[in-house]
Amino acid sequence: MANILIATYSRSGKTKGVAQMINNLLDNVDMYQIEVAPDTFDRDMYKTDEIATTQIKNNEYPELINEVPNVDQYDLILVGSPVWRGAPATPVHTFLEKIQSYSGKVASFYTDAGTANGYEETFKQWAGKLNVLPAHEGSNDLAAWIKELN
Ligand SMILES: Cc1cc2nc3c(=O)[nH]c(=O)nc-3n(C[C@H](O)[C@H](O)[C@H](O)COP(=O)(O)O)c2cc1C
């Protein structure tokens with residue numbers, strides 16, 4: 001059985017919930033929370049959107065406060081994120097940058113409010129040299145998606 005890391009950024013808990021569902025479907029899983037300092041974003045969604053947009057524009061992505069585990073021990077990394085303005089949340093960029101030397105497989109799962117357009121393309125772009133497999137939106141059909149990845 002493959003060793004899997006589920007690395008998740010979740011601002012309001014929805015993506016974290018999906019990470020839990022995936023965790024329940026698999027053995028040999030470690031969970032990593034992609035986290036930034038509490039004052040990085042705002043309680044207000046629109047202000048958070050502005051902050052993230054500025055980070056992207058200036059190519060200044062937020063630092064992570066949790067140490068990223070040694071990813072070489074995993075065969076597959078599942079990266080969870082909410083959709084922010086048709087892209088992954090900016091802490092995911094920092095995470096992907098930190099694992100650029102990883103040679104295993106990476107796939108993203110994401111949650112949104114109905115308009116995900118551009119997310120998957122931007123994820124691939126941010127993933128750089130990583131080996132990216134098909135992504136999954138929402139909380140349905142998770143088992144089928146995981147099967148497809150193996
Ligand atoms: C800054 C920001 C931007 C967002 N942009 C989008 C968007 O472009 N499309 C969309 O469908 N939902 C958007 N949403 C809604 C979130 O993707 C959705 O609520 C997600 O499930 C939240 O996940 P979380 O609880 O794990 O943080 C946005 C939310 C925030 C805070």
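Every number in this text was worked out from the coordinates using simple rules, so none of it is lab data. The model shown is predicted, which means the values in this text are computed figures rather than measured ones. Here the Cβ is made from the backbone with ideal geometry for all residues, glycine too, and neighbour counts use every protein chain on show.
Quick look at the numbers
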read-out: Cross-chain or 6+ apart pairs with Cβ under 6 Å, the stretch 12-28 first and on the phi < 0 side of the Ramachandran plot, then more than 9 Å from the ligand (Cβ to nearest atom) and in a helix (DSSP H, G or I); value: Met21/Leu142; Ile22/Leu142; Leu25/Ala143
read-out: Selection within the stretch 81-124 - within 9 Å of the ligand (Cβ to nearest atom) and assigned to a helix (DSSP H, G or I); value: Tyr119
read-out: Residues that are under 16 Å from Ala7 (Cα atoms) and either in contact with a His (Cβ under 6 Å, 6 or more places away or on another chain) or buried (at least 19 other Cβ atoms within 10 Å of the Cβ) (or both), drawn from the stretch 103-131; value: Val106, Ala107, Ser108, Phe109, Tyr110, Thr111, Phe123, Trp126, Ala127, Leu130
read-out: Answer residue from the stretch 125-146, given it is within 13 Å of the ligand (Cβ to nearest atom) and in contact (Cβ under 8 Å) with a residue 60 or more places away in the chain and is farthest from the chain's Cα centre (by Cα) among those; value: Ser139
read-out: Single unsatisfied condition, Lys16 versus (1) out of contact with any helix residue (DSSP H, G or I) (no Cβ under 9 Å at 6 or more places or on another chain); (2) part of a loop (DSSP other than H, G, I, E, B); value: (2)
read-out: The stretch 48-68 residues that are part of a loop (DSSP other than H, G, I, E, B), paired with ones that are among the small types (Gly, Ala, Ser) (beta carbon under 6 Å, 6 or more apart); value: Ile65/Ala37
read-out: Residue, farthest from His93 (Cα to Cα), within the stretch 19-47, restricted to residues that are among the acidic types (Asp, Glu) and either within 8 Å of the ligand (Cβ to nearest atom) or assigned to a loop (DSSP other than H, G, I, E, B) (or both); value: Asp27
